[in-house]
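Taken together, the values in this text are just the output of simple stated rules run on the coordinates, not laboratory data. Only a predicted model underlies this, so the values are computations on that prediction, with no experimental measurement involved. Cβ placement follows ideal geometry from the backbone for every residue including glycine, while neighbour counts extend to all protein chains displayed.
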Amino acid sequence: MDPSTLIMPSATIPIPSVDAALRRAERRVAHRVPCRVRSFNSALGKPVSVVGQTVNLSANGLAVQIGRPIEEGTSVEVLLPHLDGEPTRLCGRVAHSRRVLSGTFEVGIWIEPESTSS
């Protein structure tokens, strides 16, 4: 199987392949704010929402710390606070998920272009 695609029941969706050196070269800015991450849990057959905190932001993504892992390739929606009171909504896909502390996971999310809304 080509690792640059995600197999879903109804379709094969390409996930951008980014060279690791290029991905690491992208400037990240430390930024900690509360956030909410929504995803669809196929085992439960329903959407799941978890509250966490952002770790950093970059031009094409962000990292969040939450209390559970999310499988790589999973579509997610991230809600971030905004000064006008309405949350900013970002849609993307999980690029990686790793345990950083007992019960805490860092989830890297690639943001899909044109997904930002407030």
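Here are some notes:
- Among (1) surrounded by 12 or more Cβ atoms within 10 Å (Cβ to Cβ); (2) on the phi < 0 side of the Ramachandran plot; (3) not hydrophobic (A, V, I, L, M, F, W, C), the one test that Ser102 misses: (1)
- Residue count for the stretch 29-56, restricted to those that are of a type in the set (Gly, Ala, Ser) and in a loop (DSSP other than H, G, I, E, B): 3.
- As for the stretch 68-90, it holds at least one residue that is crowded, with 16+ Cβ neighbours inside 10 Å, in contact with a Ser or Thr (Cβ under 7 Å, 6 or more places away or on another chain) and closer than 16 Å to Ala30 by Cα.
- Residues located in the stretch 58-82, provided they are outside any loop (DSSP other than H, G, I, E, B) and over 9 Å from the mean Cα position of the chain (by Cα): Ser58, Gln65, Ile66, Leu79, Leu80
- In the set (1) without any contact (Cβ under 8 Å) to a residue 40 or more places away in the chain; (2) at positive phi; (3) not aromatic (Phe, Trp, Tyr), the condition left unmet by Gly67 is number (2).
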